[in-house]
Structure formats: C-alpha cells, structure tokens
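A quick write-up on the structure given underneath.
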Amino acid sequence: MSQLFKISEKDCVNCFACVRICPVDAIEVHTDKDFCKIVANRCIGCGNCLNICPFNAISYRSSKQEVKDLIADGGKIAAIVAPSVSGEFIDIKDYRKFVQMIKSLGFTYVCEVTFGVDLVAREYKKLFEDFKGKYFLSSVCPVVVSLVEKFYPELINNLVPVVSPMVATAKVMHKEYGDDTKVVYIGPCIASKDEAKRHTDEGKVDAVLTFTELRELFDEFDIKESKYEYSEFDSPIGYKGSILPIANGLLQIADVSEDLLTGDVITAEGQADIMDAMNEFKNHAETICRHFNLFFCEGCLMGPGTSRGGEKYLRRTMVVNYANKRLKSFNQKSFDESIQKHSSHHLTYSFTADDQRIVPPSQRTVREVLKMINKELMGSKPGCAACGFPSCQDFAVAVASGLAHPDMCLSFSISNRREYIETLKKTNEKLAATEKALHHSEKTAKAEQEAARDASETITTMMKKLPSSLVIVDKKLKIIHSNQSFIDLLGDDAIEINEIVPGLVGADLKTLLPYKVYTLFSQVLINNEDLRNKDIHYKDALLNISVFTIKKNGVVGAVIRDMYAPEVRKEEVVKRIAEAIDINLAMVQKIGFLLGEGAAETEHMLNSIIDTYKEG
Ligand code: SF4
Ligand code: SF4
C-alpha cells in the first residue's frame, strides 16, 4: 500500500506552508533538498497540507483505477455514500438522479451510510448512558483516531471502542447483499482510505473514493444528471443519520443531551479546537468530567476529499434540507425491521497505540537553536506563531528534530536576508572595483602587447634587411631566430628546411654548421664573453663571425659576414685601407724612432688587402 499523501519533488518550492500547518509535524525539511517530504508513519491523514499547498505539489493516493478494476471484475458491488454528499453535490438537483448516476458507473447497489450512522449512534448512546466513570473520545473521525493512536497513545483506551459508520455500513451490506458483495465507500474523508485497510472481516471496505474522485469519474464517463431517470437508494434506509456531517449531529442522532448545564458531552471541531481539546482532555479529564465528541475537520462538511472552495454554512444548510426531505418519507416500520435485522452486528473495535512521539532533543541542542535564531530570551513564552509553532521553544525543538527549518522563523529569516543583502551589496561594490581595475590592466596589457608586436615586427624586418647573416640560439644551440642571409649562407638543404620550418626555428646548430663554427657559440654561452670578428674558412667562403651574449648562459646571437661577398669585400677594403691610413698617419708623426715598427704594420695590412682581392 503506497503512502496516503505525497509531495512532488518537482513541484514543491519549499515554501513551508504545509510544514507550518501540519498539526503533528509530519513533514520533514531537509536543508540540502529543494522539497519537503511527508513522514508516512507520523501523518494522520488530515489533508491540511493538501489544501494549503499553493503549488498543488501535494497529492493523495487515488482509488479510481482500483474501483474501475473492481467493477470490471464483475460480481455484485455496492457503493455506500456518506451523508455529507448533499453538501458536496449541491449542483445536482434531485438525489434520485444522483443514485442513478453512480449506478451507471457499474455499481449494483447504491446505499446511504446513514443507516450505519444510526447503528453506531445507538452504541454511543448505550456507552454514554451506562456511565462507569470513564470519559470517552469519539472515534467516528478516522483522523482523530489516528491522532490518538500516534500522539496521545496514553489515551488509547479512552477512544469509544466502536467501528466507524463506514465499517458498520460495510457489515450491513455484506449481510444484506451477501459476503461476496464488494463495497466501495464514497465520502469526504481521505483518511478513510487507510482506515478501510484495517478491516478484513465482514466490515471490509474494498475501496474508498473521495467526492472529488467521484466527480472526476463522472467527467471521465460523461455522466450528467440530465441523462438519467430517478432511482431510489437501496435499502436499508436510515433515519437521522444524515445529519452526521454537522459536528454535533452525532449527539442528536444518538439522542444524547447537549444541554450546557446538564449535558455530559463536549463537541470540538476543526484542527485548532481539536488540538486544544486533546491536550485539555489529557491534562484535565478528571476536572472536565465530560466525554468529547471530536471531528478533525469542520464536521465532515469540509473534509479534504470534498471540492475546494466549498462554503461551510451553505453545505450545512444543504445537509439539513436533505435530511428533512428524507425524513418526510421516513418509514418507521421498515426502519425498525432493518434495525432488528442488523442488531446482531459486532460493532465493537479496539484500537492499538502506535506511538510516533519524538524523543525530545537535549536542552543544550534546543538552546543552541534558540541562540542561532536570536530567540534565547523568548524560550517557552508564546511567540509570534508565524512559524506554525506556539512558542520559540517548540519551534527550536522541531528544528533540532529535523522537522522544521530555521528559515521558517520570520524575524530570523528577515534579519538573515538583510545581512545577505548587505553582504551582496559589498561584494557587488568589490566586484565593480575589481572589474574596473581589470579593465584598466587589460587596456595596459593590450597597449604593451601592441608595442611588443610592433617592436618584434620592426626587429624582424630589420633582421631580414640586414645583408649579414644573423642567427640567435638557446643554450642547447637550438635556433630561436635566423634571417634569410643566414639560411642562404648554409646552402640548399637549409633553404628547403626553411620552407617547412620558417627561420629554421628549433633546428640544431650543430647539424647545420661545422664544429669550428658552432663551438664559438658554445664558448660564448659558457664564458659570457663576446667574440668579435673571428675569420673562419667555411666551404668556399671566408666568414667573419662575431658572437655576442643576449642572455647570460642562455641565449647568444651571431653576425656572420661572407667576406667574399662583393658588397662586404668593398666595404672591408675601404675599412681596412682607412685603418692602414690612420695607422700610417700616426706612424709618420712618430717616424724617428717608430718607423721600423710602423712600416711592418703597414706592410701586413696591405698584404691582407692584396690577399682578399686575390681570393675574390
Ligand atoms: S495530511 Fe495532515 S497530518 Fe498528514 S502530513 Fe498533511 S497536514 Fe500533516
Ligand atoms: S506547501 Fe509544502 S509541498 Fe507545497 S510547495 Fe510549500 S513546502 Fe512544498
């Protein structure tokens, strides 16, 4: 059997409206989840949460398919209709049409629960009149029964030990139409769906449809009053049982005095009243000295299985009008015969405690919660009740037990929100400042990047235009950069490689130049001392090489000139003649004692020029 009420994880928005209204704290709140959850064992089936949820996230176990299956199975099937039907179906003008509408769904018999109410009321009368010192709580309402079983287990023996009118009517049906008759209860109460599962004997109810579900079935099968002829309810017909939906109707049916001065029974209806009544009965039964007639809803008129938006006093009027109408055709003789026929039913029932009270958390934990929500000074004094709990202490106990969320405290939530907004504001301001700084650095970085790109382009262009060969290598002698003159100098292989890897980037200098050349690079890398104008023969050329440090022990560059290249040779001749002239002019000045040395230097220089021309 699935859970009676469920919350849809998809639709729940954690507004806590249901948590606040649940009279027994049966709805759990998880800080790490976006939805609430009904704890089936604690739920008493009142349906308060169903009606309060603004997002229609709560639903109850539907029995429509179960009923359709029962009908499809064939065999006799009786619909037993609760007396509050007249308050629900105010749109149906004649109840006899209503009987035929239900029959058209496939029911064999359509009976009123009224007769069952009359049987139960007789038991109440006997019990109240045969007073033996014990005060009772009525057990007609299944939600009240569940409330006592789960949350007032010490009062379990105070429940009137009699079955509900639904179960009494089921017993009547089985006797009247045979044990093989299936029984479907149609009423205003959702909790009856679970109540029905308790009985497996002649009081067995096979399924329970709410009035809302019955309406849905009418719609599904396009069943309308105008399509049907009159049909009377099947027997047995009840007496005053049709006023049960009005809270003190039971007493009137049982003919038990409600006189304020002499009466022995107090009636309470509606959640708030019931919770007060239960607590007062528990604490002061000996002083109050009255039986309690209890209906968790506002009578059965406003049960959670009725259509939403129903008006209580309009429904009450409809119930009274219907009861009067039925009483006009009341047949005492036939009623007495029915009572006689069904007087042997075993209507007593014993209830079993199912204690669901929570072991209270430690005082220390409760104090911590009170401190967190800034309510240490409130304690058990009555609070604002916006959280749904009578005092901050009660609320703190629920929070500590995982049944409530601190955010349900309005003042805590407001102050939290204020703090949150303040923090958010500060964070936003910081964010704006950071954004501005970021924007500025981005701009600077962009300008620097552009400048670097320009510089790089300029250097690259300059390097390309240089007639001399230029190469830059890292400490592993891998080329970082080289210009076209250098590539041309190396020959065809290097020119081909350059087509694939422009600038020979990454190529190993050791594979491109002979040892005597690349070793110059290694020397400079190790010693960090530049080498100037080193002449080396390479292939058919005479190379003039200068190697210099760019980054100590990391990067070196070299300018290589092919001394046989015409433009270099001319330039070199001019340079070297100029040097010779300079030296000779100086020599002339020192002619007396330095003539011999100057002449030797001049001779060496002029010889070198002659060699250069010869080799070219
Ligand atoms: S049906 Fe009633 S008891 Fe059950 S969870 Fe909803 S409000 Fe609580
Ligand atoms: S009332 Fe309950 S089930 Fe509905 S949205 Fe709010 S928290 Fe969720």
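The values are calculated or read from the model by the stated rules, or taken from the named source; none is laboratory data. Bear in mind the structure is a predicted one, so any value in this text is a computation, not a measurement. Cβ placement follows ideal geometry from the backbone for every residue including glycine, while neighbour counts extend to all protein chains displayed. Ligands, DNA and RNA are stripped out before the accessible areas are found, and what is left, the full protein with its side chains, is counted by its heavy atoms. Shrake-Rupley method; radii C 1.70, N 1.55, O 1.52, S 1.80 Å.
A compact table of results
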item: Residue match in segment 379-388 (condition: basic (Lys, Arg) and either touching a strand residue (DSSP E or B) at 6+ places or on another chain (Cβ under 8 Å) or open to solvent by less than 90 Å² (accessible area, probe 1.4 Å) (or both)); result: yes
item: Counted residues, segment 29-41 - those being within 21 Å of Glu149 (Cβ to Cβ) and either within 13 Å of ligand 2 (Cβ to nearest atom) or assigned by TED's automatic domain parsing to the domain that holds Gln271 (or both); result: 1
item: Failed condition for Leu50, given (1) assigned to a loop (DSSP other than H, G, I, E, B); (2) within 16 Å of ligand 2 (Cβ to nearest atom); result: (1)
item: Criterion: within 15 Å of ligand 1 (Cβ to nearest atom), closer than 29 Å to Val140 by Cβ and assigned to a helix (DSSP H, G or I) - qualifying residue of Val19, Val24; result: Val19
item: Ser257 being of a type in the set (S, T, N, Q), assigned to a helix (DSSP H, G or I) and over 23 Å from Leu155 (Cβ atoms); result: no
item: Evaluation of Ile156 against (1) assigned to a loop (DSSP other than H, G, I, E, B); (2) open to solvent by 10 Å² or more (accessible area, probe 1.4 Å); (3) at negative phi (one fails), failing number; result: (1)
item: Among the candidates Ser2, Ser8, Ser59, Ser63, residue that is among the hydroxyl-bearing types (Ser, Thr, Tyr), within 15 Å of ligand 1 (Cβ to nearest atom) and in contact with a helix residue (DSSP H, G or I) (Cβ under 8 Å, 6 or more places away or on another chain); result: Ser59
item: Residues located in segment 6-28, provided they are more than 8 Å from ligand 2 (Cβ to nearest atom), over 15 Å from Asn51 (Cβ atoms) and modelled with pLDDT under 90; result: Glu28
item: Verdict on Ala79 being more than 15 Å from ligand 2 (Cβ to nearest atom), closer than 30 Å to Tyr177 by Cα and buried (at least 17 other Cβ atoms within 10 Å of the Cβ); result: yes
item: Given (1) of a type in the set (D, E, K, R); (2) surrounded by fewer than 14 Cβ atoms within 10 Å (Cβ to Cβ); (3) in contact (Cβ under 8 Å) with a residue 60 or more places away in the chain; (4) assigned to a helix (DSSP H, G or I), number of the condition Glu286 does not satisfy; result: (3)
item: Selected residue (only one of Lys193, Lys134 is among the basic types (Lys, Arg) and more than 16 Å from ligand 1 (Cβ to nearest atom)); result: Lys134
item: Yes/no for Asn56 being outside any helix (DSSP H, G or I), near ligand 2 (Cβ under 10 Å from one of its atoms) and within 30 Å of Met318 (Cα to Cα); result: yes
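One line per residue, one yes/no per condition, for (1) surrounded by fewer than 17 Cβ atoms within 10 Å (Cβ to Cβ); (2) assigned by TED's automatic domain parsing to the domain that holds Cys141; (3) over 33 Å from the mean Cα position of the chain (by Cα):
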| position | (1), (2), (3) |
| --- | --- |
| Thr200 | yes, yes, yes |
| Thr212 | no, yes, no |
| Glu229 | yes, yes, yes |
| Phe233 | no, yes, yes |
